[in-house]
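To start, the structure itself, in structure tokens.
The values are calculated or read from the model by the stated rules, or taken from the named source; none is laboratory data. Computed from a predicted model, the values in this text were never measured in an experiment. Cβ placement follows ideal geometry from the backbone for every residue including glycine, while neighbour counts extend to all protein chains displayed. The protein model used for the area step is the full one, side chains on, heavy atoms only, and it has no ligands, DNA or RNA in it. Shrake-Rupley method; radii C 1.70, N 1.55, O 1.52, S 1.80 Å.
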Amino acid sequence: MAETQREKITKKALEVLENNPGGVRYSDLFRKLAEFLPDIPPNTIHGTIWDLDKKNEQIIKPERGLFILKKYADEAR
């Protein structure tokens with residue numbers, strides 16, 4: 001079964017966060033996802049990532065606009 005656009009976005013967001021242990025700001029995350037996934041409309045990306053921390057237990061938002069993987073949260077502080 002083919003991946004949905006939201007699944008592709010989430011998977012790529014996890015990759016981006018994995019490569020940035022210090023976390024990624026919302027706007028930077030959006031830009032990177034738009035660059036990696038040019039076939040997905042920008043509003044779909046925004047709609048998927050704005051509450052990514054609520055939908056995925058691996059991701060936390062320690063401050064407004066900053067996404068970080070939970071496993072790196074203690075290292076960043």
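Taken over the stretch 25-41, the criterion of being touching a residue at least 12 places away in the same chain (Cβ under 8 Å) and of a type outside the set (Ser, Thr, Tyr) is satisfied by 25, 29, 30, 32, 33, 36, 37, 40. Does the stretch 1-33 hold any residues that are closer than 20 Å to residue 73 by Cβ, in a loop (DSSP other than H, G, I, E, B) and open to solvent by 50 Å² or more (accessible area, probe 1.4 Å), and which are they? Scanning the stretch 1-33 gives 19, 21, 22. Of everything in the stretch 38-55, what is open to solvent by 20 Å² or more (accessible area, probe 1.4 Å) and either in a helix (DSSP H, G or I) or touching a helix residue (DSSP H, G or I) at 6+ places or on another chain (Cβ under 9 Å) (or both)? Give them in sequence order. Selection gives 39, 41, 42, 43, 44, 46, 47, 50, 53, 54, 55.
Within the stretch 62-77, can one find any residue that is part of a strand (DSSP E or B), free of Cβ contacts under 8 Å to residues at least 24 places away in the same chain and surrounded by fewer than 17 Cβ atoms within 10 Å (Cβ to Cβ)? Within the stretch 62-77, one or more residues are part of a strand (DSSP E or B), free of Cβ contacts under 8 Å to residues at least 24 places away in the same chain and surrounded by fewer than 17 Cβ atoms within 10 Å (Cβ to Cβ).
Beta carbons closer than 9 Å, at least 6 apart along the sequence or on distinct chains, pair a first residue in the stretch 12-24 that is on the phi > 0 side of the Ramachandran plot with a second that is surrounded by 21 or more Cβ atoms within 10 Å (Cβ to Cβ) and β-branched (Val, Ile, Thr) for 23/68.
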